[in-house]
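Only one structure is covered here, and it is reproduced in the block below.
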Amino acid sequence: MSIEIENVSKRFGAFAALEDVSLSVPSGELVALLGPSGSGKTTLLRIIAGLESVDDGRVLLNGEDASPHDARQRKVGFVFQHYALFRHMNVFDNVAFGLSVKPKKTRPDKEAIRSKVFELLKLIQMEHLWDRYPSQLSGGQRQRVALARALAVEPRVLLLDEPFGALDAKVRQELRRWLRQLHDEIHVTSVFVTHDQEEALEVADRIVVMNRGKVVQEGTPSEVYDHPANPFVFDFLGKVNLFHGRIDNGVAQLGGVRLPTSVPISGGDGPAIGYVRTHDIEISRHGNGIEDITAQVRGVLRVGPLVRVDLLHAGGEQLEVDLSRDVAEVLALQVGEQVFASPRNVRFFVNDYQI
Amino acid sequence: MARSLRKNGTAGWGTLPGFAPTMGYTLLCLVIVVLVPLSTLFFEAATLTWDDFVGAVAAPRVLASYRVTFGAALLAALTNAFSGVIVAWTLVRYRFPGRRMLDALVDLPFALPTAVAGITLAGIFASNGWLGKVLEPLGVKVAFTPVGIWLAMVFIGLPFVVRTVQPVLEEFDREVEEAAACLGGNRWQIFSRVVFPLMFPAVLTGFTLAFARAVGEYGSIVFIAGNMPMVSEITPLLIITKLEQYDYAGATAVAVVMLVISFMVLLALNLLQKWSRRYAEQ
């Protein structure tokens, strides 16, 4: 079922949580709302669920205005960051809750509830733990129970609020892969909120980047990552270096060095900021040509599979470069030595300075 | 002994000074404050022969007083559990002018000398009192009947339930209610199946405290009860009466029975309490 959000605004006192947000989620997609805390992503999710009212605008579920319906009537599955399990009920009763509160006419009989619950427990691989209480489960297990509980009523839409935010890194990775697989199996329209760009890039069909109550960009993960619409998105998705340079006659200059750009530069001459990802800089001892920047190695640090090199370039700014281990081993950089840095795919933003 | 208890009873070295001093202090307190006074009761009662003892504690008038005391206390604690939950709910869930005043008012029955409460209640509910004037023509007699006993017990017990339920409601995770709503639960289902079970242990604690207080209450009840033997005479009054007649042994015998009944009820409530929290982390 599709979700349409039309010009929604929401204020909490003087704080504008959402300003004129419009968004559409096609049926069956898995969409990530990505943004820093305070960007309004959770508020938007709660508005879709009917847990929060709108000041302006409206939400359409399956083309139908949802405003007259509250959370109970919207048939939306909601998964909370801190699980919100019923801690006085065991796993079975938690999952069965949504079915057992149905009006008598539509409520399945006991046996039907039982088989439905066990079907879901099988899906989350927790059949053998059906009689445990939430306090006896690990964080990852609790969140899976919360998901099964939400799915039990066969919601038209599944909403997840930072579902993996409270889990440790390893479990988080497993669960998000599992969520992706699950979505591929059941195809329920899903929206999940996250501030973890890696999670959004890995799991989602589409990413909606939010900042300060507004949608700043939406697109597929590779669109958003490869073609950030503005400096904020560039900075938020992945690590980035900044060059403070100038544009003269459509050519970007940095301390006399011409920089290659990934897209043609439009707009007038003047100061501009170039953005380049940390893995889009090549380091060499002998220059490649005129697009090299001379720099000094300030530090070399191994971080897992990568080697992080800190450079200070001729323009006086810091550069952070991520090299693969093989490349770093061949180069064998020494702290203090002079090298050439050649950035690829530099993006310039002339007007929008702010991050 | 202490060493083996420490090994089995606690999880190694904590922040507090340690097992020996804290356990020692606890025992000392309980012995001086509770055990010594109560055991003298038993010694005093033991001066009676078995037949005298039974005669003292099982006389029809005494049996009737147990029924009145424990029956009224149970009803009063139930009433308090009900109204205490509503008062706590109102104070926690809603913001309205005068909320703080109302909140402070709840504790007043604690602060008031019980005799004052009794006289006030008797005054109001007597046939010429404010409420008595209205109720009596309707056939409801409160003052000088068992209903008056119940009322006095409700008055002194209310703060217990409110004050035990309030913090639990304040810390209640609203997301749990939201989750229940998203799953299609209506208000009543959310309350009866999610909110109430989670506050039940606190309600039970409040109920237990209110019950214990009501059983032991004397000051406020004697003024409004009428104290008619077999009808509205409470056991504590009977004990006082016996004391005034210099029947120390008889008084303590009745007291011992009261103590044993109270202890058993409280023990049962404690077990129920434990069962109601069986889902909590072990």
request  = State all residues of the range B:173-204 that are more than 9 Å from chain A (Cβ to nearest Cβ) and outside any helix (DSSP H, G or I); if no residue qualifies, say none.
outcome  = none
remark   = Note on residue A:45: of the conditions (1) surrounded by 15 or more Cβ atoms within 10 Å (Cβ to Cβ); (2) assigned to a loop (DSSP other than H, G, I, E, B); (3) within 24 Å of the chain's Cα centre (by Cα), unmet is (2)
message = Which residue is surrounded by the fewest Cβ atoms within 10 Å (Cβ to Cβ), if the candidates are limited to the range A:126-146 and must be within 20 Å of residue A:77 (Cβ to Cβ) and within 12 Å of chain B (Cβ to nearest Cβ)?
response = A:137
query = Only one of (1) facing another protein chain (nearest Cβ under 8 Å); (2) more than 19 Å from residue A:157 (Cα to Cα); (3) of a type in the set (A, V, I, L, M, F, W, C) fails for residue A:76. Which number is that?
reply = (2)
request  = Kindly indicate whether any position in the range A:173-185 is more than 15 Å from the chain's Cα centre (by Cα), not in a helix (DSSP H, G or I) and not polar (S, T, N, Q).
outcome  = no
key: Subset of the range B:125-149 (residues that are assigned to a helix (DSSP H, G or I) and either surrounded by fewer than 23 Cβ atoms within 10 Å (Cβ to Cβ) or within 14 Å of another protein chain (Cβ to nearest Cβ) (or both))   = B:130, B:131, B:132, B:133, B:134, B:135, B:136, B:137, B:138, B:146, B:147
request  = Would you check which residues across the range A:151-175 are in contact (Cβ under 8 Å) with a residue 60 or more places away in the chain, crowded, with 19+ Cβ neighbours inside 10 Å and within 11 Å of residue A:194 (Cα to Cα) and list them?
outcome  = A:160, A:161, A:162, A:163
key: Which listed residue, of A:302, A:308, is among the basic types (Lys, Arg) and either within 24 Å of residue A:226 (Cβ to Cβ) or not in a strand (DSSP E or B) (or both)   = A:308
request  = Considering every residue within the range B:151-166, establish whether at least one is within 14 Å of another protein chain (Cβ to nearest Cβ), part of a helix (DSSP H, G or I), surrounded by 18 or more Cβ atoms within 10 Å (Cβ to Cβ) and modelled with pLDDT of 90 or more.
outcome  = no
task = For residue A:150, state whether it is in contact with a Cys (Cβ under 9 Å, 6 or more places away or on another chain) and either part of a helix (DSSP H, G or I) or of a type outside the set (A, V, I, L, M) (or both).
result = yes
request  = Working only within the range B:170-205, note down all residues that are touching a residue at least 60 places away in the same chain (Cβ under 8 Å) and β-branched (Val, Ile, Thr).
outcome  = B:203, B:205
key: Members of the range A:81-98 that are at negative phi and facing chain B (nearest Cβ under 9 Å)   = A:81, A:82, A:85, A:86, A:87, A:88, A:89, A:90, A:97, A:98
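The values are calculated or read from the model by the stated rules, or taken from the named source; none is laboratory data. Keep in mind the model is a prediction, meaning the values are calculated, not measured. No Cβ is skipped: glycine too gets one built from the backbone with ideal geometry, and neighbour counts run over all protein chains shown.
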